[in-house]
Amino acid sequence: MNVNKPEEAMTFGELLELISEQQRRLNVLEIAFSYLSFSLDEKANQLLINNLLLEAQNQNRDAVMQKYFSQLADEMARRIRPAVPPVAS
């Protein structure tokens, strides 16, 4: 994109490059946020998960965003659950 002349339209290639860059930045944020559960105590983790689930039910958000809040809550819950050892036979 021509920064000196913002009135010029960006090319399709520039748009794809911008989208790619934004996706990488979002991936970094998602990964960083997913590790947050390791630095919180059990009570704080549960509070975070409960708040994410509340956001997943928030009617002011669109359905796709609600789905992502729910998925994030599920991922956080999965990370803090103690690993269940396999049953010995």
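Each reported figure results from applying straightforward, stated rules to the coordinates on display, with no laboratory input. The model shown is predicted, which means the values in this text are computed figures rather than measured ones. Note: ideal-geometry Cβ built from the backbone for every residue, glycine included; neighbour counts use all protein chains shown.
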Which value in nm describes the separation of the simple spin-label points at LEU15 and LEU40, placed 7 Å from the Cα toward the beta carbon? 3.8
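Kindly rank 32-44, 68-80 from highest to lowest mean number of other beta carbons found within 10 Å of each residue.
Result, highest mean Cβ count within 10 Å first: 68-80, 32-44.
If packing is taken as the average number of other Cβ atoms within 10 Å across a peptide's residues, how do 8-14, 45-51 rank, most packed first?
Put in order of decreasing packing, that is 45-51, 8-14.
Short version: what are the Cα gyration tensor semi-axes of region 10-80, square root of 5 times each eigenvalue, largest first, in whole Å?
29, 17, 7
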Distance in nm between pseudo-label sites at ILE31 and ARG61 (7 Å out along the Cβ direction from Cα): 2.4
